[in-house]
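Visitor: Following this message is one structure expressed as structure tokens.
The values are calculated or read from the model by the stated rules, or taken from the named source; none is laboratory data. Bear in mind the structure is a predicted one, so any value in this text is a computation, not a measurement. Heads up, the Cβs are rebuilt from the backbone with ideal geometry, glycines too, and the neighbour counts pull from every protein chain shown.
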Amino acid sequence: MTAGSTGRASTAVAQAGEPSRVRARSRRRSMPGWLRSTLLWAAVVGIVVFCLFPIYWIVNTSLKSGAQLSSGSLWPSHATLGNYRSVLRDGDFLLALRNSAIVATTTTVLAMFVGSFAAYALARLRFPFKALLLGIVLSISTFPVIAIAAPLFKLWTDIGLYDAPYGLGLILPNLVFTLPLTIFILTSFFREIPRELEEAALVDGATRIQAFTKVVFPLAAPGLVTAALLVFFAAWNEFLFAITLTSTPQARTVPAAIAFFTGSVKFEAPLGTISAASVIVMVPLVVLVLVFQKKIVAGLTAGAVKG
């Protein structure tokens with residue numbers, strides 16, 4: 001077969017495939033714009049309903065009492081705030097809220113303090129096996145927590161941290177499993193900040209610490225907020241350590257306290273009070289997301305766009 005015949009054959013194949021592409025484009029063009037918009041908005045509404053329905057169901061259940069709890073209705077026929085009053089009058093639950101606030105806040109502060117310096121070192125300094133070290137740090141976050149629950153219980157019992165008041169015995173375990181995520185997020189952000197800004201600060205007489213705190217730290221604000229919120233949420237919602245390393249209301253955090261709810265009415269399932277307590281616990285997280293939503297979006301998208 002000559003070169004000319006080969007060229008004619010390839011041209012014929014291309015021309016044979018051209019009608020199918022034209023038909024595909026015509027089918028795409030045949031869909032009206034309003035129909036595409038309708039399908040898109042229908043998909044968006046479906047996703048939103050799918051995500052928000054569990055929250056609505058919890059709120060709906062928290063407003064019911066008595067026989068309504070087993071009715072399964074989408075709206076309470078006689079809404080009541082009795083479950084919320086019962087929960088807020090429960091001294092053990094208030095202690096749990098205090099302990100959760102202490103544990104989550106302390107864990108977040110420590111994780112951000114240690115993690116920011118570690119991430120800055122991994123992003124800026126040159127030393128051997130840096131990538132291996134980052135991989136080892138990240139591998140800690142993938143370790144199954146349940147595998148160390150029993151040994152940690154024994155260790156905490158021996159050293160006197162088991163059932164420590166204010167939930168102080170939960171801070172270190174939470175820190176160990178939230179610090180790798182903090183380091184990973186902040187490392188990617190520090191790498192995106194131009195070195196020239198630090199070098200200019202150093203030329204102007206700033207120390208390395210001053211360049212970090214006054215130049216790099218403010219520029220990495222979206223990443224810092226994102227990492228801090230993720231750490232706070234993880235520590236606030238942590239259940240396994242809370243149920244394993246505590247045994248009294250003076251040390252339990254909210255997830256463990258809710259697990260021990262018995263209800264305010266005898267011989268009645270505590271579904272209403274558990275739902276009310278869950279809504280109360282959820283409120284601080286929702287408020288934080290609403291307040292810092294711009295920083296969160298910037299923090300979650302910056303790495304994807306620049307990285």
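Visitor: Could you say whether any residue in segment 40-61 is among the polar types (S, T, N, Q) and under 30 Å from Asn83 (Cβ atoms)? Even if it seems obvious, please write down each step before you answer.
Guide: Just the residues of segment 40-61 that are among the polar types (S, T, N, Q), to begin with: 60-61.
Still in the running and under 30 Å from Asn83 (Cβ atoms): 60-61.
The answer is yes, given that some residue of segment 40-61 is among the polar types (S, T, N, Q) and under 30 Å from Asn83 (Cβ atoms).
Visitor: Could you identify the single residue in Leu125, Leu110, Leu95 that is farther than 19 Å from Ile185 by Cβ, among the aliphatic types (A, V, I, L, M) and out of contact with any strand residue (DSSP E or B) (no Cβ under 6 Å at 6 or more places or on another chain)?
Guide: Details: Leu125 fails: farther than 19 Å from Ile185 by Cβ; Leu110 fails: farther than 19 Å from Ile185 by Cβ.
Just a single option satisfies the conditions, and that option is Leu95.
Visitor: Name, by its number, the condition in (1) without any contact (Cβ under 8 Å) to a residue 60 or more places away in the chain; (2) of a type in the set (Gly, Ala, Ser); (3) more than 23 Å from Pro222 (Cβ to Cβ) that does not hold for Ser141.
Guide: Ser141 satisfies every listed condition except (3).
Visitor: I'd like the residue in segment 168-202 that is of a type in the set (Gly, Ala, Ser) and closer than 26 Å to Ser139 by Cα and, out of all such residues, is farthest from the chain's Cα centre (by Cα).
Guide: Applying the filter and picking the extreme gives Gly169.
Visitor: Out of the residues in segment 60-86 meeting the condition of being surrounded by 15 or more Cβ atoms within 10 Å (Cβ to Cβ) and of a type in the set (A, V, I, L, M), tell me which one is modelled with the lowest pLDDT. Working first, answer last.
Guide: Filtering segment 60-86 for residues surrounded by 15 or more Cβ atoms within 10 Å (Cβ to Cβ) gives 60-65, 68-69, 76, 80, 82-84, 86.
With the extra rule that they be of a type in the set (A, V, I, L, M), the set shrinks to 63, 69.
Numbers: Leu63: 87, Leu69: 73.
The residue in question is Leu69.
Visitor: Is one or more of the residues making up segment 157-172 in contact with a Leu (Cβ under 7 Å, 6 or more places away or on another chain), over 17 Å from Phe113 (Cβ atoms), modelled with pLDDT under 90 and part of a helix (DSSP H, G or I)?
Guide: no
Visitor: Go through (1) over 25 Å from the mean Cα position of the chain (by Cα); (2) closer than 27 Å to Ile296 by Cα; (3) crowded, with 19+ Cβ neighbours inside 10 Å and name the single condition Gln210 misses.
Guide: (3)
Visitor: Same structure again: May I ask you to verify whether Leu230 is buried (at least 16 other Cβ atoms within 10 Å of the Cβ), modelled with pLDDT of 90 or more, in contact with a Gly (Cβ under 9 Å, 6 or more places away or on another chain) and closer than 30 Å to Leu152 by Cβ? Please lay out each step first, then the result.
Guide: Numbers: buried (at least 16 other Cβ atoms within 10 Å of the Cβ): yes; modelled with pLDDT of 90 or more: yes; in contact with a Gly (Cβ under 9 Å, 6 or more places away or on another chain): no; closer than 30 Å to Leu152 by Cβ: yes.
In short, no.
Visitor: Scan segment 126-156 residue by residue and report those that are part of a helix (DSSP H, G or I), among the aromatic types (Phe, Trp, Tyr) and out of contact with any Phe, Trp or Tyr (no Cβ under 6 Å at 6 or more places or on another chain).
Guide: Of the residues in segment 126-156, the ones part of a helix (DSSP H, G or I) are 130-141, 145-156.
Checking the rest, the ones that are also among the aromatic types (Phe, Trp, Tyr) come to 153, 156.
Within segment 126-156, Phe153 is the sole residue that qualifies.
Visitor: Does at least one position in segment 145-165 carry a residue that is under 18 Å from the mean Cα position of the chain (by Cα) and under 21 Å from Leu240 (Cβ atoms)?
Guide: Step one: list which residues in segment 145-165 are under 18 Å from the mean Cα position of the chain (by Cα), which gives 145.
Filter again for under 21 Å from Leu240 (Cβ atoms), leaving 145.
Checked segment 145-165: at least one residue is under 18 Å from the mean Cα position of the chain (by Cα) and under 21 Å from Leu240 (Cβ atoms).
Visitor: Taking segment 175-189 as the region of interest, how many residues are more than 13 Å from Met112 (Cβ to Cβ), modelled with pLDDT of 85 or more and of a type outside the set (Val, Ile, Thr)?
Guide: Residues of segment 175-189 that are more than 13 Å from Met112 (Cβ to Cβ), as a first pass: 176-177, 180, 184, 187-188.
The next check asks that each one be modelled with pLDDT of 85 or more; those that pass are 176-177, 180, 184, 187.
Checking which are of a type outside the set (Val, Ile, Thr) leaves us with 177, 180, 184.
Of the residues in that region, 3 qualify.
Visitor: What residue, of Thr108, Thr142, is modelled with pLDDT of 80 or more, among the hydroxyl-bearing types (Ser, Thr, Tyr), buried (at least 19 other Cβ atoms within 10 Å of the Cβ) and under 23 Å from the mean Cα position of the chain (by Cα)?
Guide: Exactly one residue qualifies, and that residue is Thr108.
Visitor: In addition: Exactly one of these conditions fails for Lys64: (1) outside any helix (DSSP H, G or I); (2) without any contact (Cβ under 8 Å) to a residue 60 or more places away in the chain; (3) touching a helix residue (DSSP H, G or I) at 6+ places or on another chain (Cβ under 9 Å). Give me its number.
Guide: (2)
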